[in-house]
Amino acid sequence: MSIDPSSSQSTLQSTTQNALQIEFNQGLCSFINNSPTPFHATAELAQQLDAANFIALDESEAWSLEAGKNYYVTRNQSSLIAWTQGAAPLAEQGMHMLGAHTDSPCLKVKPQADLYEHNSWRLGVEVYGGALLNPWFDRDLSLAGRVHYKNSAGQVAFAMVDFKCPIATIPSLAIHLDREVNQNRSINPQTDLPVLLACGDKDQHKALNDLLMDQLSSCDPKPSNILDHELFFYDTQPASIVGINGDFIAASRLDNLLSCYVGLTTLIESAQQAKPSWSLLVCSDHEEVGSCSAVGAAGPFLQQTLQRLLPNTENFARAMSRSVLISTDNAHALHPSHANKMDPNHSPKINGGPVIKVNANQRYASNSETQAMFRAICDDTQVPVQTFVVRSDMSCGSTIGPIVAAELGVKALDVGMPTYGMHSIRELAGSRDPLWLKAALVQFLARTGQ
Ligand code: ZN
């Protein structure tokens, strides 16, 4: 039997593409699993940048930067900026930048959280960001974050903690006790969301601070007492590939750790080119609560970092006029049960490729110039591209794109990965889309200065 050489060639190509996709998605899933909070996501980004020969800088020290080298800096252990120093002057080349965010909607533990009542020990929580609350019930939850303490030497120190195992849950009320639940369920965050740790009387239990002291037992010098904390509950179910044909990635925090990971791997690949150009990745905390903080996209972190690369005011303005930002976040995918929620001509499909997000009222930063740039890149790299515009009778979300564009005066574009269940504790994205986004973004960074 003869074999058509062109068909065996294309089979080989698709097998290679499949292997690349599986490897990439495995890396994405383990990045998400290792990043239950913005602190852990930032540490994970830093660790992978260290492994790729990026040099860690301290904001409080003087910097001496060299062309051709790669650097990163963090603020508050929850936001990170990494970049490649190009060989040409920055003022003449400009910077191609990728933006994403490290935070996701979740439940944050209150400062004095212990609640002992009705034969239970629970912790009171605040809702962080616009969380979809229903999916938080009946999950195997764990707890992670940052703890500040006084140590045995009398100093204030901090450490990251992650309990890793399922230490808590929020049980649903049985349908027999609320017959209307499937028609009219509403959730009161104050009374319905306290997270259950244990049953029994108060004298049978410790307090949260005791649990934290146990977590910090290996710190040296030893902690003497807990001073404060920022702790977030998360789902212990790991990220996984789902669907009869493996079409989906199901995970917590796909919004927006998916984009952080795509941005990270894109920047690392771009830094390994023979002639690296000026390229930057910013991953900001606090996007889900409006970005207005010392470490959020509306704060000065990115501008101050860029000014240190280019202190001369005129050169800075020249560089910004040649720079472009792509803000990568998630986009709503056409949901098969709710097709009427989308504009019929702008309904992105899962595994249909990256989505250009457009909004006349500047909720997204895209304009025809940056959209055309990205469409041309997708065309050249054979990446399918889609467009999202919200229905004209509905309101629109936003991203760090317009905020950074307004801060720096750079051209910007909003791009997203099609997603179901955005802001649920378990979101769903396509398994083919992330690698397509990366292919387009690698090409975007290669075109700095063009
Ligand atoms: Zn987002």
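The values are calculated or read from the model by the stated rules, or taken from the named source; none is laboratory data. Computed from a predicted model, the values in this text were never measured in an experiment. Note that each Cβ is placed from the backbone with ideal geometry, even for glycine, and that neighbours are counted across all protein chains shown. Note: accessible area is taken over every heavy atom of the protein model, side chains too, but ligands, DNA and RNA are not part of it. Shrake-Rupley method; radii C 1.70, N 1.55, O 1.52, S 1.80 Å.
Odds and ends about this structure:
- Inter-residue pairs, beta-carbon under 6 Å, first modelled with pLDDT of 95 or more and in region 92-115, second within 16 Å of the ligand (Cβ to nearest atom) and among the basic types (Lys, Arg), 6+ apart: SER104/ARG253
- For region 233-260, filtering for residues that are within 16 Å of the ligand (Cβ to nearest atom), open to solvent by less than 20 Å² (accessible area, probe 1.4 Å) and either assigned to a helix (DSSP H, G or I) or closer than 20 Å to LYS164 by Cβ (or both) leaves 9.
- One residue stands out in region 413-440 among those that are touching a Lys or Arg at 6+ places or on another chain (Cβ under 8 Å) and of a type in the set (Val, Ile, Thr): the one that is nearest to the ligand (Cβ to nearest atom), namely VAL415.
- Evaluating ALA339 against the criteria (1) in contact (Cβ under 8 Å) with a residue 12 or more places away in the chain; (2) surrounded by fewer than 16 Cβ atoms within 10 Å (Cβ to Cβ); (3) in contact with a Ser or Thr (Cβ under 8 Å, 6 or more places away or on another chain) leaves one unmet condition, (1).
- The one condition in (1) within 16 Å of the ligand (Cβ to nearest atom); (2) touching a residue at least 40 places away in the same chain (Cβ under 8 Å) that THR265 fails to fulfil: (1)
- Condition met for TRP63 (more than 16 Å from the ligand (Cβ to nearest atom), assigned to a loop (DSSP other than H, G, I, E, B), modelled with pLDDT of 95 or more and in contact with a strand residue (DSSP E or B) (Cβ under 8 Å, 6 or more places away or on another chain)): yes
- Cross-chain or 6+ apart pairs with Cβ under 6 Å, region 316-334 first and away from the ligand (no atom under 16 Å from the Cβ), then of a type outside the set (Val, Ile, Thr) and part of a strand (DSSP E or B): VAL324/HIS96; VAL324/LYS411
- Members of region 335-355 that are within 19 Å of the chain's Cα centre (by Cα) and within 16 Å of the ligand (Cβ to nearest atom): PRO354, VAL355
- Close pairs (7 angstrom Cβ cut-off, 6 or more residues apart or separate chains): in contact (Cβ under 8 Å) with a residue 12 or more places away in the chain in region 195-213, of a type in the set (Phe, Trp, Tyr) anywhere: VAL195/PHE233; LEU197/TRP121; ALA198/TRP121; LYS202/TYR116; HIS205/TYR116; HIS205/TRP121
- Here TYR71 clears all of (1) touching a residue at least 40 places away in the same chain (Cβ under 8 Å); (2) open to solvent by less than 60 Å² (accessible area, probe 1.4 Å); (3) not basic (Lys, Arg) except the condition numbered (1).
- Residue check for HIS229: open to solvent by 20 Å² or more (accessible area, probe 1.4 Å), in contact with a Gly (Cβ under 7 Å, 6 or more places away or on another chain) and within 16 Å of the ligand (Cβ to nearest atom): no
- If the condition is being of a type in the set (Gly, Ala, Ser) and either touching a Cys at 6+ places or on another chain (Cβ under 8 Å) or under 19 Å from PRO89 (Cα atoms) (or both), then region 59-76 contributes SER64, ALA67, GLY68.
- Residues that are closer than 22 Å to LEU325 by Cα and either among the acidic types (Asp, Glu) or surrounded by fewer than 20 Cβ atoms within 10 Å (Cβ to Cβ) (or both), drawn from region 391-402: CYS396, GLY397
- When we screen PRO311, PRO300 for residues that are of a type outside the set (S, T, N, Q), within 23 Å of the chain's Cα centre (by Cα) and open to solvent by 20 Å² or more (accessible area, probe 1.4 Å), the only hit is PRO300.
- Qualifying position, being more than 16 Å from the ligand (Cβ to nearest atom), open to solvent by 10 Å² or more (accessible area, probe 1.4 Å), closer than 30 Å to SER240 by Cβ and modelled with pLDDT of 95 or more, among GLN382, GLN371: GLN382
- Taken over region 393-412, the criterion of being within 16 Å of the ligand (Cβ to nearest atom) and in a helix (DSSP H, G or I) is satisfied by ILE400, GLY401, PRO402, ILE403, VAL404.
- Yes/no for ASP162 being surrounded by 14 or more Cβ atoms within 10 Å (Cβ to Cβ), among the charged types (D, E, K, R) and at pLDDT 95 or above: yes
- Annotation note: of ALA429, ALA376, the sole residue that is free of Cβ contacts under 8 Å to residues at least 12 places away in the same chain and not aromatic (Phe, Trp, Tyr) is ALA376.
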